[in-house]
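The values are calculated or read from the model by the stated rules, or taken from the named source; none is laboratory data. What you see is a predicted model, and the numbers here were worked out from it, not measured in a lab. Cβ coordinates were reconstructed from backbone atoms using ideal geometry, including for glycine residues, and neighbour counts include every protein chain displayed. Protein only, heavy atoms only, side chains kept; ligands, DNA and RNA dropped before computing areas. Shrake-Rupley method; radii C 1.70, N 1.55, O 1.52, S 1.80 Å.
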Amino acid sequence: MLNALLVSLAINAVMFVIAYKRSSDKLTDISYAVSFAAIAVYGFSQSNKSSFHAVLLGLVLVWAARLGGFLLYRVIKVGKDQRFDQIRNSFLKFGRFWLFQALTAWALMIPAILAFTREGAITSLSIVGAIICVLGIAIEGTADIQKFRFNSDPKNKGTWIESGIW
C-alpha cells in the first residue's frame, strides 16, 4: 500500500517540477491520469497476475486513458486552466495542489490496490462489476464531451448545464 503511494507521489513530484518551471497547466491533469495508470501497473506487477488482475488492470488503464486524453484535449483547446491562475507561480501553493492530487489518486485506487494483493478469480460478481465499469466509462465520457461543448459555446457563459447526461 505504501509503495503505491510512493509511486503516485513520485509521478506528481516529477511532473510538478516540470510544470512549475514552465509555469504550465498542461501536465496537471494528465499526471492525474498517469498516476492512476502507474498505481494499477505497479499493483498488477505485485499481484499473482491472474485473469482477474489482468481485467482489473485493463479497466483502470482504459479509464485513465479516457480521463487523461479528455483532460489533455480540454487544456490544449482552452489553453490554460484558470483554477491555477492564482497559484501557478507559487511553489508552495502549486506544490500543495500536486501533493493533494497524488494523495487523491492513491486514495481512490485503494480498492484496486487491495484487489491486486488478493487471489483473483473471475466470478459472476466481477463480470457484473466489469460491465458496470465499462458503462460508467462510457457515461462519464459522454458527459464530459457534452459539458465541454456546452461550456465552449459563448452563449452559455455563466450558465449551468441542465441537458444531456451531465
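Data overview
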{"quantity": "Sole exception among (1) touching a helix residue (DSSP H, G or I) at 6+ places or on another chain (Cβ under 6 Å); (2) surrounded by 14 or more Cβ atoms within 10 Å (Cβ to Cβ) for Asn156, by number", "calculated": "(2)"}
{"quantity": "Any hit, the stretch 58-75, residues being open to solvent by 40 Å² or more (accessible area, probe 1.4 Å), of a type in the set (Lys, Arg) and closer than 27 Å to Ile18 by Cβ", "calculated": "yes"}
{"quantity": "Matching residues, the stretch 16-29, being open to solvent by 40 Å² or more (accessible area, probe 1.4 Å) and either under 16 Å from Leu92 (Cβ atoms) or within 16 Å of the chain's Cα centre (by Cα) (or both)", "calculated": "Val17, Tyr20, Lys21, Ser23, Lys26, Leu27"}
{"quantity": "Scan of the stretch 32-84 for residues that are more than 15 Å from the chain's Cα centre (by Cα), under 22 Å from Phe116 (Cα atoms) and not hydrophobic (A, V, I, L, M, F, W, C), ordered by number", "calculated": "Tyr42, Gly43, Ser45, Gln46, Ser47, Asn48, Lys49, Ser50, Ser51, His53"}
{"quantity": "Subset tally (residues that are part of a helix (DSSP H, G or I) and basic (Lys, Arg)) for the stretch 16-33", "calculated": "2"}
{"quantity": "Single unsatisfied condition, Gly95 versus (1) at pLDDT below 90; (2) buried (at least 16 other Cβ atoms within 10 Å of the Cβ)", "calculated": "(1)"}
{"quantity": "Answer residue from the stretch 39-51, given it is open to solvent by less than 30 Å² (accessible area, probe 1.4 Å) and in contact with a His (Cβ under 9 Å, 6 or more places away or on another chain) and is farthest from Asn89 (Cα to Cα) among those", "calculated": "Ser47"}
{"quantity": "Residue that is farther than 29 Å from Leu2 by Cβ and of a type outside the set (Phe, Trp, Tyr), where the choices are Ile113, Ile131, Ile122, Ile137", "calculated": "Ile131"}
{"quantity": "Only one of Leu114, Leu103, Leu57 that is farther than 23 Å from Ile132 by Cβ and of a type in the set (A, V, I, L, M, F, W, C)", "calculated": "Leu103"}
{"quantity": "Selection status of Phe36, modelled with pLDDT of 95 or more, under 20 Å from Ile137 (Cβ atoms), part of a helix (DSSP H, G or I) and open to solvent by less than 20 Å² (accessible area, probe 1.4 Å)", "calculated": "yes"}
{"quantity": "Residues of the stretch 118-138 satisfying the condition of being closer than 30 Å to Val78 by Cβ and open to solvent by 90 Å² or more (accessible area, probe 1.4 Å)", "calculated": "Leu135"}
{"quantity": "Yes/no for Ala54 being of a type in the set (A, V, I, L, M, F, W, C) and crowded, with 20+ Cβ neighbours inside 10 Å", "calculated": "no"}
{"quantity": "Flag if Ala13 is crowded, with 20+ Cβ neighbours inside 10 Å and part of a helix (DSSP H, G or I)", "calculated": "no"}
{"quantity": "Selection count where residues are among the charged types (D, E, K, R) and closer than 19 Å to Ala33 by Cα, scope the stretch 73-95", "calculated": "5"}
